[in-house]
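Report on the structure given below.
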There are 2 protein chains.
Amino acid sequence: MKKIPDMVIRRLSTYSRVLSDLMEKGIDLVSSDELGKLSGCNGTQVRKDLAYFGQFGTRGVGYRISELKSRITKILGMDGRWNVALIGIGNLGTALLSHEGFRRHKFDIIIGFDVDKSKVGKKFNGVEIKDMSELKRAISEKDIKMAIITVPVQSAQTVANILVDAGIKAILNFAPVNISISKDVFLKNVDLSLELEGLSFFLTHNEYQNNEFNGSYG
Amino acid sequence: MKKIPDMVIRRLSTYSRVLSDLMEKGIDLVSSDELGKLSGCNGTQVRKDLAYFGQFGTRGVGYRISELKSRITKILGMDGRWNVALIGIGNLGTALLSHEGFRRHKFDIIIGFDVDKSKVGKKFNGVEIKDMSELKRAISEKDIKMAIITVPVQSAQTVANILVDAGIKAILNFAPVNISISKDVFLKNVDLSLELEGLSFFLTHNEYQNNEFNGSYG
DNA sequence: GTATGTGAAGTAATTCACAGCT
DNA sequence: AGCTGTGAATTACTTCACATAC
């Protein structure tokens, strides 16, 4: 089947969010143009993105919001919930443990890991923190396929190796380093400083006016 | 002058980080192929990215690391430091206030704002938290051009409006909502759940094997 | 010989424009 | 008439391939 651009998936997530908002307002029909505008793109883009996965609307009418929403949810694999492990209970890690948005989006961080013995055994926001030595067993016991890395740069590659060995299939990495990893494990990087550097560039060179760049590569 | 793709800027940030690592190792020359491999792309990409901004290397030799690094730093506007304001002292906001990476990358969060009176007046990680009513004056007094939004979805647009009114020129928004904003203000969104949804999609549809997608958007 | 810089070629993503359905 | 779905056209990005410089 056709390869799906990452940007298409990102936009689908956005459409899904916008559709939820519309649903809460009690609206039940939307046109591709409206949905596009609310999502920061245009109607053609919406239609082309959806076309990767089938037909969703009615010509002359638009999209039934509840149906489109549930079909996108399914496409994204967001029917059902995901168990997630988080490694590195520092400032950012702790914040993510209590990040309401994850739970609302059906991601449950159900276990944390750290090398710091003073954290091991404690609970943060109801999530128990275990020692790294217990990682492999815990991951397989609890059916965890996703992990979030919030350890310092120097340990990120090591932790990634341990995670892959433990059977993790998808990693969201916040350490600003290029982790190399087996091809069958999905890796996404979020580099917060890099985002600010992007802003720094555009502030510095107003001549390359490039607003509305977003969404976007994260 | 030519419009610079956002991805080029993202990669420049990555090159900069990799160059720092090489410098620490005492290496002082690098080829585009090496730099590309270490940055998760290839030599041609490196050379083309740099070509937007001039000539940086010596044919038959490669790039002098210290020089390339300092020129990229300048291009990104990362010579000198940036004062940053942070609005929304919740879990994530608090974590970002003490995020070591920002300081190291020359972003100084020098002031925080919240509507919660119990937080106003306190210091978090040495950063004083003020009431929203003081925002406009503080921003102009302290020469702050960048702001980070970590407020709940419902207040994000309002806060963005206040920031723009106060003279902020670049916003990094963590609230999962499409903020609409004057064209001369740069906006970047980071949506943590959206990143996980991308992983969810690829885990669910192994047939669209699309690893090494990263960096990257968002 | 080796590696940069860059037009030319190739690939991918977006937008156009309209046929087809309601 | 209105809006989707989709080939065709366009635009943007990446890779190729080689002339050029050390």
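Read-outs: derived from the displayed coordinates by stated rules, not from any lab. What you see is a predicted model, and the numbers here were worked out from it, not measured in a lab. Don't worry about glycine lacking a Cβ; one is built from the backbone with ideal geometry, like all the others, and counts go over all protein chains shown.
Descriptive notes on the structure:
- Against chain A, whose longest principal axis is taken from its Cα atoms, helix A:192-204 shows a tilt of about 50°.
- 3J(HN,Hα) along the stretch A:77-87, derived from phi through the Karplus expression 6.51 cos²θ - 1.76 cosθ + 1.60 where θ = phi - 60°, amounts to x, 9, 7, x, 10, 10, 7, 10, 9, 10, 10 Hz, with x in place of Gly and Pro.
- Taking amide H as placed 1.01 Å from N in the peptide plane, B:K130 has its amide H under 5 Å from the amide H of B:G112, B:F113, B:D114, B:G121, each at least 5 places away in sequence or on another chain.
- Cross-link table B:K119/B:K142; B:K2/B:K188; A:K130/B:K122; B:K145/B:K188; A:K74/A:K130, entries beyond 25 Å C-alpha to C-alpha: A:K130/B:K122; A:K74/A:K130
- Residues with amide H under 5 Å from that of B:S31, placed H, sequence gap 5 or more: B:Y63
- Between the stretch A:78-101 and the stretch B:72-94, the alpha-carbon center distance in angstrom: 24 Å
- Inter-chain Cβ neighbour count for A:180-192, averaged per residue, equals 6 (cutoff 10 Å, partner chain atoms only).
- Antiparallel DSSP beta bridges within chain B, as percent of all bridges there, nearest 5: 20 percent
- For the stretch B:115-132, Karplus couplings with θ = phi - 60° (6.51, -1.76, 1.60), whole Hz, Gly/Pro x: 8, 6, 4, 6, 9, 4, x, 7, 10, 10, 6, x, 9, 6, 9, 10, 6, 4
- Backbone HN-Hα couplings from phi across the stretch B:41-53 [Karplus 6.51/-1.76/1.60, Hz, Gly and Pro as x]: 9, 10, x, 4, 4, 4, 5, 5, 4, 5, 4, 4, 10
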